[in-house]
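The values are calculated or read from the model by the stated rules, or taken from the named source; none is laboratory data. Quick caveat, the model's predicted, so the values are computed rather than measured. Reconstructed Cβ throughout: ideal geometry from the backbone, glycine too, with neighbour counts over all protein chains shown. Note: areas computed on protein heavy atoms with side chains; ligands, DNA, RNA excluded. Shrake-Rupley method; radii C 1.70, N 1.55, O 1.52, S 1.80 Å.
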Amino acid sequence: MKLNVVVIGSGGREDALCWKLAQSPLLNKLFALPGNPGTMRFAENIDLNITDFNEITNFCIKNKIDLVVVGPEVPLVNGLADHLLNLRIKVFGPTKSAAEIEGSKVFAKYLMKKYDIPTASYETFNWNQGNEVIQYLQTVSYPTVIKVDGLAAGKGVTICNDYDSACKLIDQVFLGKLFGEAGNKIVIEEFLTGEEVSIFVLTDGEKYILLNPAQDYKKVYDGDRGKNTGGMGSYSFSSILDENKINEIKKSIVEPTLIGLKSEGRKYSGCLYCGLIETEDSFKVIEFNCRFGDPETQVVLQTLESDLLQIMYEIAFGELKSFDIVNRGAAICLVLASDGYPDAFEKGFEIFDLDEVEKFPNVRIFHAGTTIHGNKLITNGGRVLSITAYSMDKNYSELIEIVYKAADKVHFKNKYFRTDIGIRGISKFKFNQ
Ligand code: AMP
Ligand code: GLY
């Protein structure tokens, strides 16, 4: 059996997915729709509009595609998987109703409450309940967390430090339509403190496996200061969580979530991303995503030795069978961004000396916001490149040194990166082989 596979998307996550899938002995031909200059190393890039589902299905039929792997959340929440399945095209990624676990925070909270999945306590409100919200905000303790219901490109969560800023935000969301329709409903929830961890659950809806835990750095500045971004770096290795903690997460979060989704008629298939926080009492869910995380994928897949395509194929064809997956080593990812991100930034600058980076052993580059003009590679986004380092035997602090040395070699105007990626991992966790 040899498979023709499509990866949908154009970020660092999709470049890492293509890199991993390209190693599979099951692969015949790999396409990236639309991909980026990085995915061209592993796949044929097809420049089509991924918001047009007919364009995608026509391509799949014409090219005898056996499996479609969907990277980003927007097409899943808009029903791409349903569209493909209706035409009998296999897909790794949940249907529209299951993807609502990311597409609607109100639904995610409802599910967690109903199935006793630990999460922050909360209330939900509709846009026409402005007065009730203002009254409620007088009763909560601060900081408090306000989340818009719908997709907001990672910007829909605000931590409000006092009553006045919370009221101001409510005005902006309900009256000013700051997040458009995504802000028609909101969740106001308890502020939790603790260490965050990202868990990828690969599941057919009943059976599941967990990949290595990862941590990402969401804030733009060193010391976790400044605005939230898509992620400025990440690391992954198995001993971030010991076996007891993994078992707790499986029993109290993963299993009831899968059972809950199935019971609600929304059986989940694909990668369920659990964003968790370890509070003093227990692990609690901060968010669910209906896809792999970025930049966690860039590190988690490097510590996965098993064949990802085999696992995805089994899931897309209805039954996960590969349970004995092998995870090993440690990986770190440093995001090189355009200065100004996540606000306005300039792009269109030439990127120099990538080949120098590739000379470092066990260093890999994944592309995100890059494009090719003529024969030049230029910046084309907020997050430009993911520089990663992987180690089977070196210690974790050396990995940090290597990734920073490698990242130093690459040059483009307005290059920005955090200087403390990975350090939290060294201080908090023991890295054992
Ligand atoms: P999200 O977009 O849901 O990933 O949220 C972005 C970030 O906001 C999370 O990674 C957390 O750091 C923070 N956050 C979200 N919900 C809470 C909460 N209830 N308590 C504390 N921090 C939170
Ligand atoms: N790294 C967080 C996310 O992908 O949502």
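Worth a mention:
- In region 313-325 there is at least one residue matching the filter, namely being within 22 Å of the chain's Cα centre (by Cα), farther than 25 Å from E73 by Cα, in a loop (DSSP other than H, G, I, E, B) and touching a residue at least 60 places away in the same chain (Cβ under 8 Å).
- Test: residue in region 199-216 that is in a strand (DSSP E or B), without any contact (Cβ under 8 Å) to a residue 24 or more places away in the chain and farther than 20 Å from Y390 by Cβ: no
- Residue within region 129-143 that is hydroxyl-bearing (S, T, Y) and under 27 Å from H83 (Cα atoms) present: no
- Restricting region 52-70 to residues that are surrounded by 14 or more Cβ atoms within 10 Å (Cβ to Cβ) and aliphatic (A, V, I, L, M), the residue that is farthest from the chain's Cα centre (by Cα) is I65.
- Residue list for region 243-255, restricted to those being within 30 Å of T95 (Cβ to Cβ) and either open to solvent by 10 Å² or more (accessible area, probe 1.4 Å) or free of Cβ contacts under 8 Å to residues at least 60 places away in the same chain (or both): I246, N247, E248, I249, K250, K251, S252, V254, E255
- Test result for G348, in a loop (DSSP other than H, G, I, E, B), in contact with a Ser or Thr (Cβ under 8 Å, 6 or more places away or on another chain) and surrounded by fewer than 14 Cβ atoms within 10 Å (Cβ to Cβ): yes
- Residue satisfying condition, being at pLDDT below 95, farther than 30 Å from E189 by Cα and open to solvent by 10 Å² or more (accessible area, probe 1.4 Å), within set N28, N49: N49
- Considering residues of region 277-298 that are part of a strand (DSSP E or B) and within 10 Å of ligand 1 (Cβ to nearest atom) only, the residue farthest from Y122 (Cα to Cα): N289
- Of residues in region 351-384 being within 22 Å of the chain's Cα centre (by Cα) and charged (D, E, K, R), the one least open to solvent (accessible area, probe 1.4 Å): R383
- Boolean, I240 is open to solvent by 30 Å² or more (accessible area, probe 1.4 Å) and touching a Pro at 6+ places or on another chain (Cβ under 7 Å): no
- Candidates in region 91-121 are the residues that are touching a helix residue (DSSP H, G or I) at 6+ places or on another chain (Cβ under 7 Å) and surrounded by fewer than 20 Cβ atoms within 10 Å (Cβ to Cβ); of these, the one that is nearest to E319 (Cα to Cα) is K96.
- Candidate set: region 164-196, residues that are under 11 Å from I146 (Cβ atoms) and among the charged types (D, E, K, R); chosen: the one modelled with the highest pLDDT: E189
- Residue that is nearest to N247 (Cα to Cα) [pool: residues in region 299-308 that are polar (S, T, N, Q) and in a helix (DSSP H, G or I)]: T303
- Close Cβ contacts (under 6 Å, 6 or more residues apart or on different chains) running from residues in region 89-114 that are farther than 15 Å from Y273 by Cβ and at pLDDT 95 or above to residues that are open to solvent by 20 Å² or more (accessible area, probe 1.4 Å) and in a helix (DSSP H, G or I) comprise T95/D82; K96/D82; F107/E100.
- Single residue of region 7-21 satisfying the filter (touching a Leu at 6+ places or on another chain (Cβ under 6 Å) and of a type in the set (A, V, I, L, M)) that is farthest from ligand 2 (Cβ to nearest atom): L21
- Residues in region 256-304 that are more than 10 Å from ligand 2 (Cβ to nearest atom), of a type in the set (S, T, Y) and under 15 Å from P94 (Cβ atoms): T257, Y268, S269.
- A43 meets all of the listed conditions (1) more than 23 Å from C274 (Cβ to Cβ); (2) open to solvent by less than 50 Å² (accessible area, probe 1.4 Å); (3) out of contact with any Lys or Arg (no Cβ under 9 Å at 6 or more places or on another chain) but one, namely (3).
- Some residue of region 167-175 being open to solvent by 90 Å² or more (accessible area, probe 1.4 Å) and in contact (Cβ under 8 Å) with a residue 40 or more places away in the chain: yes
- For G226: the one exception among (1) touching an Asp or Glu at 6+ places or on another chain (Cβ under 8 Å); (2) within 13 Å of ligand 1 (Cβ to nearest atom); (3) open to solvent by 30 Å² or more (accessible area, probe 1.4 Å): (1)
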